[in-house]
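To keep things clear, I will list the structure first and then write my remarks on it.
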Amino acid sequence: MLEIINIDVGYGKETILKNISFDIQPQEKVVILGPNGSGKTTLVKAILGLLKPKNGSIKIFGKKIEEIQGETRLATNYPPVYSLLLVNVGDLLDLYINLKGGDIEYAKALINDLGLEKVLKRKLHQLSAGQRILVCNILAIASKPEFLILDEPFENVDPARRGKILNLLQNYQGAILLITHQLSVLSYFPDYSLYFIFEGKIYGPLRPLSKILDVYIHLKEVENPFLTIEVGGKKIHLSDKPGDYKLKDFIDITKIYEVLV
Amino acid sequence: MGAYLFSRGIPKEFVDSYRFKIGYTASWYGVAGTFSLAALSVSLCYYFLFITSSLPYIVKYGRVSLFSFFSQIILGTFLYSSFLSAILMIFTYGIFSRAFSTNLSPAMPVTAFLVIGMGGVFYYLLAAAIIFILILIKKVKSVRLVSFFPMMISYALVYLQVFGVADKTIIYTSPFNNIYTLTAYAYLGKPIPFKWGEVIREFQLLHPLNSVIILLVWMIILFLMNIYLMRNIKEIPIEEFRQL
């Protein structure tokens, strides 16, 4: 479904993602967890074909990313892709559902379920950050794609609506690539595979997620770690042996920098 | 301005001639039409900067091809420009007829709608090409200046023609001048002269069919260029074209 082979991605001379490789099979659910600035959104842009890798290749549904056209089986909540016309949210739903081939009634039901009826008459850029990401989540999910790419779908979302989105994702049939820095949501996705992304490098996969959350972080060398990650010039090790911190005690993976200082 | 300010300098022997008055009005309609479309192209440039994420996305992951996207937007631009030409026509007719106390109605209003519609499409394609080239050469920050180029060039070349000092090559080949020529022709109802002073003598006329062909050639070149450039578009964050 998604096959990424040794890609380097960046802006100008700067390389953000270095030698990234991983794949996602049909109906597989994957979380990529990384702190702010680790390259998560850059990875989304590369997968969507908005940023050309400097090296390596990306294939989606067996086709090279450069050759993809009219492939409606993939959708994302990445907000900039929903700026084709400066219209209100209601019209934007109509436009994108029409372009992606989704069900407008389903999209409206999601809007109602999330209590977003009032935003239908407003433009996307006029919404709060939380409302905007909720609308983009709906725009992505409404076409019921086989492959859903969600970049920070819970960012700035209030707990009640976050619960509803979590519910939707738990029952989702297709493959999901969920990219976030929020460790607190991972317990809702016990069957997902987990990758870490730190400073442009990807680590993983670790599966199932339900077991990974109980592992410990070791700041010093440990025997047979699951994974060793380089963060800020230091190495941290993940192991099921009791260590310095329990992974699930971090609400936000960005906080890992605090314990390393 | 054309009706009440510039008309004060017209020699008295011309002011009383209907032929002169309709030619003068047609010329102003051509100028207003061309410059309105040129002004529109400035904002169109910005539109293309805002869709550098969404356009590649819907082409890759939506049920729309680049060709059909451009074709539909072109149709929309054509209709919008035609609507604009109708408003301009009403104002031109009203203001100039009142200023000269003569009924100066347009001879071929439908042709005028079609011509300005075509002009709108040309400026749309030009704005798209400018932005796609800026993205390609990584000079997006220059957009504030470069987006005014179509307007500046239109002003310079069309006024050269209006004041009778433009070279024949420019009048024949420049798309801006051909839009002006066709718009003025539609209002006047007959081919306009190379120099407006010759309107009385009907000397050396500009054939509208030539202008249509030249304009179409320019549009086809720009259309194909845009389709090619679009394939190499990269996402531009809004912040990137801020100057300060």
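The values are calculated or read from the model by the stated rules, or taken from the named source; none is laboratory data. This one's a predicted model, so the numbers in the text were calculated from it and none came from an experiment. Here the Cβ positions follow ideal geometry from the backbone for every residue, glycine too, while neighbour counts run over all protein chains shown.
Of the strands (runs of 3 or more DSSP E) lying entirely inside the stretch A:1-115, those containing at least 1 residues that are within 14 Å of chain B (Cβ to nearest Cβ) and out of contact with any Phe, Trp or Tyr (no Cβ under 6 Å at 6 or more places or on another chain) are A:2-11, A:14-24, A:55-60, A:74-76.
Hey, which of the strands (runs of 3 or more DSSP E) in the stretch A:146-210, taking only ones fully inside, have at least 3 residues that are within 14 Å of A:Ile133 (Cβ to Cβ) and within 15 Å of the chain's Cα centre (by Cα)?
A:147-151, A:175-180
Looking only at the stretch B:19-55, residues that are within 14 Å of chain A (Cβ to nearest Cβ) and either free of Cβ contacts under 8 Å to residues at least 40 places away in the same chain or in a helix (DSSP H, G or I) (or both) come to 10 in all.
Out of all the residues in the stretch A:100-107, is one or more within 17 Å of B:Lys60 (Cα to Cα), touching a residue at least 60 places away in the same chain (Cβ under 8 Å) and not aromatic (Phe, Trp, Tyr)?
No, the stretch A:100-107 has no match at all.
Reported count of residues in the stretch A:193-220, each being touching a strand residue (DSSP E or B) at 6+ places or on another chain (Cβ under 7 Å) and over 17 Å from A:Ile253 (Cα atoms), is 1.
Does the stretch B:61-74 hold any residues that are over 18 Å from A:Leu86 (Cα atoms) and more than 8 Å from chain A (Cβ to nearest Cβ), and which are they? If the condition is that a residue be over 18 Å from A:Leu86 (Cα atoms) and more than 8 Å from chain A (Cβ to nearest Cβ), then B:Leu66, B:Phe67, B:Ser68, B:Ser71 are the ones that fit. Here are some conditions: (1) free of Cβ contacts under 8 Å to residues at least 24 places away in the same chain; (2) of a type in the set (Val, Ile, Thr); (3) more than 14 Å from chain A (Cβ to nearest Cβ). B:Ile58 meets all but one. Which one does it not meet? Among (1) free of Cβ contacts under 8 Å to residues at least 24 places away in the same chain; (2) of a type in the set (Val, Ile, Thr); (3) more than 14 Å from chain A (Cβ to nearest Cβ), B:Ile58 violates only (3).
Table: residues versus (1) under 30 Å from A:Lys234 (Cα atoms); (2) surrounded by fewer than 18 Cβ atoms within 10 Å (Cβ to Cβ).
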{"position": "A:Gln126", "(1), (2)": "no, yes"}
{"position": "A:Arg132", "(1), (2)": "no, no"}
{"position": "A:Ile149", "(1), (2)": "no, no"}
{"position": "A:Arg162", "(1), (2)": "no, no"}
{"position": "A:Ser187", "(1), (2)": "yes, yes"}
{"position": "A:Pro190", "(1), (2)": "yes, yes"}
{"position": "A:Phe198", "(1), (2)": "yes, no"}
{"position": "A:Tyr203", "(1), (2)": "yes, no"}
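Do we have any residue at all in the stretch B:193-208 that's at pLDDT 80 or above, closer than 28 Å to B:Ser71 by Cβ and not in a loop (DSSP other than H, G, I, E, B)? The answer is yes; a qualifying residue exists. Taken as a whole, the structure places B:Leu84 among residues that are in a helix (DSSP H, G or I), closer than 30 Å to B:Ile227 by Cα and out of contact with any Cys (no Cβ under 6 Å at 6 or more places or on another chain). Being modelled with pLDDT under 85, surrounded by fewer than 20 Cβ atoms within 10 Å (Cβ to Cβ) and either over 18 Å from B:Met225 (Cα atoms) or within 14 Å of chain A (Cβ to nearest Cβ) (or both) is the requirement here; does B:Ala99 meet it? So B:Ala99 fits the description; yes. Answer with yes or no whether A:Leu139 is buried (at least 18 other Cβ atoms within 10 Å of the Cβ) and not in a helix (DSSP H, G or I). No; evaluated as a whole, the condition is false for this residue. Of all residues in the stretch B:115-137, those being within 26 Å of B:Val212 (Cβ to Cβ) and free of Cβ contacts under 8 Å to residues at least 60 places away in the same chain number 1. Filtered by the rule that a residue be in contact with a Gly (Cβ under 7 Å, 6 or more places away or on another chain) and not hydroxyl-bearing (Ser, Thr, Tyr), the stretch A:186-226 gives A:Leu194, A:Phe196, A:Ile197, A:Phe198, A:Gly200, A:Ile217, A:His218, A:Val222. One residue alone among A:Gly49, A:Gly34 is small (Gly, Ala, Ser) and at positive phi, and that residue is A:Gly49. Evaluating A:Leu110 against the criteria (1) closer than 28 Å to A:Pro35 by Cα; (2) surrounded by 19 or more Cβ atoms within 10 Å (Cβ to Cβ); (3) out of contact with any Lys or Arg (no Cβ under 8 Å at 6 or more places or on another chain) leaves one unmet condition, (1). A search for C-beta distances below 7 Å between a residue of the stretch B:91-110 that is assigned to a helix (DSSP H, G or I) and any residue that is hydroxyl-bearing (Ser, Thr, Tyr), counting only pairs 6+ apart in sequence or on different chains, returns B:Thr92/B:Thr25; B:Thr92/B:Tyr29; B:Tyr93/B:Ser105; B:Phe96/B:Thr25; B:Ala99/B:Tyr4; B:Ala99/B:Ser7. Can you confirm whether the stretch A:55-62 contains a residue that is aromatic (Phe, Trp, Tyr), closer than 30 Å to B:Leu136 by Cα, within 14 Å of the chain's Cα centre (by Cα) and at pLDDT 90 or above? No.
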